[in-house]
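Reviewing the structure listed below.
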Amino acid sequence: MELYEQISEKLQKGKAKDVKALVQQAIDAGLPAQEILEKGLMSGMNVIGEKFKKNEVFVPEVLVAARAMNMGTVLLKPLLAAEGVKANGRVCIGTVQGDLHDIGKNLVKMMLEGKGLEVIDLGTDVSAETFVKTAQEQQCQIICCSALLTTTMGVMADVVKAAEAAGIRDQVKIMIGGAPISEAYCQQIGADAYTPDAASAAEVAVNFCA
């Protein structure tokens, strides 16, 4: 349906006002909110994710696309709730204690939301206890930890240990990422997944929640 294609194309170009108007048009035409979300907004965000992975677009383009997506989802949220549509999963995300970098974390958050996951953003400088407590209280399937400094990446190991101590390690997946992080480090601390970029993180997260 070409209305969905228009939504997707405008979103990829970051035209937030156009996206909002088109989503409203789709709602007024009586189209299901979930369909508007999946075939319009999410399909556009998926294209951006793929291009980002291949270095065909960069952080600024992703940010404007995500802003356009948010303009559309604001209109859809009450309708999705009324339709009884549940998020595909719930994730808590944050930059670990001692680290104040948030661009990478924000990109992952946007990609996760683009895949239909509910994201609880804990911000930066987040302690291991806060990650685990949030996962318990909000029944998250995944904890996502970001670090940009070699001096703070050790907190990720603390998150794994805290999840074990709380008895939720078998219920929650722990994903890690950031410049100094590697697959070897992920295995060393016993986390569940390391991804090199935001788009890959979102794909792995969706599979974990499935």
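Derivation of every value follows stated rules applied to the coordinates shown; laboratory data play no part. Quantities reported herein were computed from a predicted structural model and do not represent experimental measurements. Glycine also receives a Cβ, built like all others from the backbone with ideal geometry; neighbour counts cover every protein chain displayed.
Note on LYS10: lysines with a C-alpha under 24 Å away, same-chain residues under 8 apart excluded, are LYS20, LYS39, LYS51, LYS53, LYS54, LYS77, LYS109, LYS115.
By the Stokes-Einstein formula, at 1.002 mPa s and 20 °C, the stretch 144-201 with its Kirkwood radius over alpha-carbon pairs has D equal to 188 µm²/s. Equivalent ellipsoid of the stretch 1-91: semi-axes from √(5λ) of the C-alpha gyration tensor, largest first, are 22, 15, 11 Å.
Would the stretch 104-181 count as rounded, prolate or oblate if I go by the C-alpha gyration tensor, calling it rounded below 1.5 in a/c and otherwise prolate when a/b exceeds b/c, oblate otherwise? The shape class here is oblate.
When the square roots of the Cα gyration tensor eigenvalues are ordered a ≥ b ≥ c, the ratio a/c for the stretch 52-111 is 1.5 or more and a/b does not exceed b/c, which makes its shape oblate. Against the main long axis of the alpha-carbon atoms of the chain, helix 2-12 sits at an angle near 40°.
Given a Förster distance of 35 angstrom, what is the FRET efficiency for GLU183 paired with GLN25, based on the Cβ-Cβ distance and rounded to 0.05? So the FRET efficiency works out to roughly 0.20. Couplings 3J(HN,Hα) of the stretch 74-90, computed from phi: 4, 5, 7, 3, x, 6, 4, 4, 5, 6, x, 7, 9, 4, 6, x, 10 Hz, in residue order, whole Hz [Karplus 6.51 cos²θ - 1.76 cosθ + 1.60, θ = phi - 60°; x for Gly and Pro].
This structure gives log10 I(q)/I(0) by the Debye sum over Cα atoms at q = 0.12, 0.13 Å⁻¹, computed directly, and of (1) -0.61, -0.70; (2) -0.97, -1.06; (3) -0.67, -0.78 that value is listed as (1).
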